[in-house]
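Colleague: I am attaching a structure below and will ask some questions about it afterwards.
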Amino acid sequence: MRAAFAVFALLTTAALAGAVPMASAQTEAAPAAMAYSEQTPAYRLFPGDEVEITVFAAPELSRVATIGPDGRLALPLIGAVRAADLTADELHDILVSAYAAHLRMPELTVTPRSYGSRQVFVGGEVARPGIYDMPANMDAFQAVALAGGFLPSAHRSDVLVLSRASGETEVTEVDLSMRAMRRGFPGAQPLQRYDVVYVPRSRISQVNVFMQQYVRDALPVQFSFFYDLRGGSN
């Protein structure tokens, strides 16, 4: 009897000893958390954002203005100027050029002061398609979770993410399958405001055709406006 207990204790100790390196290996292989870097695209202004414009040559022209629903800023002397979909530096250059017709030295600064709501659209084979407020540093899988999760008919390995963060319309395919989950979703990147996450029913053979025929028709008005802001897309 004592011999049997001794053998059992020996086997248990060996099993636990083997389990420790395995757990350690799994910890080392865990994917790093998403983080912003120097390669992250510069923030682009949206309707509802508040911008402070300081004109040094003419302080009376300085003001804090809110970008309207049409994507424009109403400014004295130069009128309405489109600001949506521009970075602060791009808007700065446009304003300098516009004020150059009226001021000898149109030196100015453009400083974002507050930001409108950050929203993403989640559509396709999810439980509750719709528009959702987005916290910072959220990826496509978390957006789908906000929308109630995948339907049984969802093709999780071909999820589309439609974005204008770089200034041009970009469509990427993200693998959100169970296999990708075990690897920490290596292809999932932080979403930007007004990104579109679309879960298809079946495998996508031609991304651009699928986007044109299905995704665009599903977009709400404000999202369609944003993606058509420059007329057409890739």
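The values are calculated or read from the model by the stated rules, or taken from the named source; none is laboratory data. Values in this document were obtained by computation on a predicted structure and should not be read as measured data. FYI the Cβ positions are ideal-geometry reconstructions off the backbone, even for glycines, and counts take in every protein chain you see.
Colleague: So for the range 93-100 (the condition being closer than 17 Å to Gln192 by Cβ, modelled with pLDDT of 95 or more and either outside any loop (DSSP other than H, G, I, E, B) or in contact with a Pro (Cβ under 7 Å, 6 or more places away or on another chain) (or both)), does at least one residue qualify?
Modeller: So in the range 93-100, the residues closer than 17 Å to Gln192 by Cβ come out as none.
Checked the range 93-100: no residue is closer than 17 Å to Gln192 by Cβ, modelled with pLDDT of 95 or more and either outside any loop (DSSP other than H, G, I, E, B) or in contact with a Pro (Cβ under 7 Å, 6 or more places away or on another chain) (or both).
Colleague: How many residues does the range 99-113 contain that are more than 18 Å from Ala80 (Cβ to Cβ) and among the hydroxyl-bearing types (Ser, Thr, Tyr)?
Modeller: Total satisfying the criteria: 2.
Colleague: Return yes when Thr40 is in the same structural domain as Ser97 (by TED's automatic domain parsing) and polar (S, T, N, Q) and no when it is not.
Modeller: No.
Colleague: Further question: Would you please list the contacts, defined by Cβ atoms under 8 Å and residues six or more apart or on different chains, that run from a residue in the range 188-207 that is within 13 Å of Leu162 (Cα to Cα) to a residue that is among the polar types (S, T, N, Q) and crowded, with 20+ Cβ neighbours inside 10 Å?
Modeller: Leu191/Ser163; Gln192/Ser163; Asp195/Ser163; Val196/Ser163
Colleague: From (1) modelled with pLDDT of 60 or more; (2) assigned to a helix (DSSP H, G or I), pick out the condition that doesn't hold for Leu77.
Modeller: (2)
Colleague: When the range 101-119 is examined, which residues are found to be among the charged types (D, E, K, R), assigned to a loop (DSSP other than H, G, I, E, B) and under 30 Å from Tyr132 (Cβ atoms)? Reasoning before the result, please.
Modeller: Of the residues in the range 101-119, the ones among the charged types (D, E, K, R) are 104, 107, 113, 118.
In the following step, the residues that additionally are assigned to a loop (DSSP other than H, G, I, E, B) were identified as 104, 107, 118.
The one that is among the charged types (D, E, K, R), assigned to a loop (DSSP other than H, G, I, E, B) and under 30 Å from Tyr132 (Cβ atoms): Arg118.
Colleague: Right, next: Output yes when any residue across the range 58-66 is small (Gly, Ala, Ser) and more than 28 Å from the chain's Cα centre (by Cα), and no when none is.
Modeller: Yes, that holds for at least one residue.
Colleague: Of all residues in the range 40-89, which are among the aromatic types (Phe, Trp, Tyr) and surrounded by fewer than 16 Cβ atoms within 10 Å (Cβ to Cβ)?
Modeller: Residues satisfying the conditions are Tyr43, Phe56.
Colleague: Do you know which residues across the range 126-183 are part of a loop (DSSP other than H, G, I, E, B), surrounded by fewer than 17 Cβ atoms within 10 Å (Cβ to Cβ), within 19 Å of the chain's Cα centre (by Cα) and polar (S, T, N, Q)?
Modeller: Once the filter is applied, which keeps residues that are part of a loop (DSSP other than H, G, I, E, B), surrounded by fewer than 17 Cβ atoms within 10 Å (Cβ to Cβ), within 19 Å of the chain's Cα centre (by Cα) and polar (S, T, N, Q), the range 126-183 yields Asn137, Ser166.
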